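Presented below is the structure to which this report refers.
The values are calculated or read from the model by the stated rules, or taken from the named source; none is laboratory data. The structure displayed is predicted, hence computed values, not measured ones. Here the Cβ positions follow ideal geometry from the backbone for every residue, glycine too, while neighbour counts run over all protein chains shown. For accessibility, only protein heavy atoms count, side chains too; no ligands or nucleic acids. Shrake-Rupley method; radii C 1.70, N 1.55, O 1.52, S 1.80 Å.
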Amino acid sequence: MYRFLLTRQWVSLTLIALVLIPTMVELGFWQLHRHERRVEQNSLISRNLKAKPLPMTEATSPGHTVPRADYWRQVTATGVYDTAGEVVVRRRTSADDRIGFHVLTPLILADGRAVLVNRGWVPAAADQRSFPAVPAPPKGTVTVTGRLKADETTSASGIKDLSGLPPRQVMLISSAQQAKSLGRTVLGGYLEQSAPEPAGGAPELIPEPDHESIGAHMAYAVQWWLFTAAVPVGWVVLVRRERSDRRAAAAAAGSSTAPERATAAA
C-alpha cells in the first residue's frame, strides 16, 4: 500500500523534509536569541541613560576599554576645548539619514588629560575631501554631559582602509589614535554630547539610541516554528493523497477490465 514511498521521488521528498525540520527549528531559535539580545540591550540603554551622571574620570582612564555594561552611561567632563586638535569623522549620518561628519573635539581637563567629545553631526562640504564648516565650540571652561561610548575598532565597524584620508579627517573614533596626534594623554572611549545644546543648533546633537522598539524577531521565531510543524503535517497529507489517488486508479483499472473478462468467459 505504501510501497510508493520507496520511489526516488518520495525518498527525495522525505529527505528534504527531514533536512528542513531541524533547519527551521534552528532559524527559529536564532530569531529568538536576537529578540533576547535586543530586549537585553534596550534594558541596558534605558538603565544607563537614567543613571546619575558620573564624572568621565571615574568611568574611564587612559587606555581603558569601555565594557559593554557601561555603554551609554551618562557622564560629565569639565575643561577647555582644544580646537587645534579637532577632527571630523567621515561617513556619518544625521537623524534624517543625510551623509556628513561627526565633530570630534578634545576637551582638556584641569590635570592636562583630554576627553574626546563627539559634539554632533555637520553636513559634508561640496567636495567630500574638504574640511566641512564646523561651528566653534564654547570658549573658556565648560561642563559637558553625554553618553559614554567605547573606542571604535576596525573589527566592529568593518572599516579596514584607514589610509589616504584628508588632513584632520578620520574614519573611526579612537582615543589611542588621537592621543598620538595630540601628543597628550587621552581617556579611553569618548563622550557623545547630549548637553548643553549648541548655539544655533549646530552641530546637531546625536539622538539617544532607540531603546523602545524590540523589532519583529519574536514573530519571525514563531513563524519559523509554525513552518517546522507544517512540514510533517504536509508530508502526511501528501502521502494520504497519493495513496488515495493510487487506490482510485487501481479501482478504475479493475472496473475497466471486468467487461473484457466477462466477454472472454462467454
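Can you name the residue in the range 196-220 that is modelled with pLDDT of 95 or more and open to solvent by less than 50 Å² (accessible area, probe 1.4 Å) and is also farthest from the chain's Cα centre (by Cα) among such residues? Selected residue: Pro203.
Selection within the range 172-181: residues that are crowded, with 18+ Cβ neighbours inside 10 Å and hydrophobic (A, V, I, L, M, F, W, C). The member of this set that is farthest from Lys149 (Cα to Cα) is Ala179.
Does the range 18-37 include one or more residues that are farther than 30 Å from Glu242 by Cα, polar (S, T, N, Q) and at pLDDT 95 or above? Yes, that holds for at least one residue.
Reported count of residues in the range 141-153, each being assigned to a loop (DSSP other than H, G, I, E, B) and open to solvent by less than 40 Å² (accessible area, probe 1.4 Å), is 1. Restricting attention to the range 230-256, the residues being aliphatic (A, V, I, L, M) and surrounded by 13 or more Cβ atoms within 10 Å (Cβ to Cβ) number 4. Test Gly28 against the stated conditions and say whether it is touching a helix residue (DSSP H, G or I) at 6+ places or on another chain (Cβ under 6 Å), under 30 Å from Ala229 (Cβ atoms) and open to solvent by less than 40 Å² (accessible area, probe 1.4 Å). So Gly28 fits the description; yes. Every residue in the range 38-63 that is within 15 Å of Leu109 (Cα to Cα) and charged (D, E, K, R), please. Matches in the range 38-63: Glu58 only.
Number of residues in the range 172-193 that are farther than 15 Å from His64 by Cβ, more than 20 Å from the chain's Cα centre (by Cα) and outside any helix (DSSP H, G or I): the value is 3.
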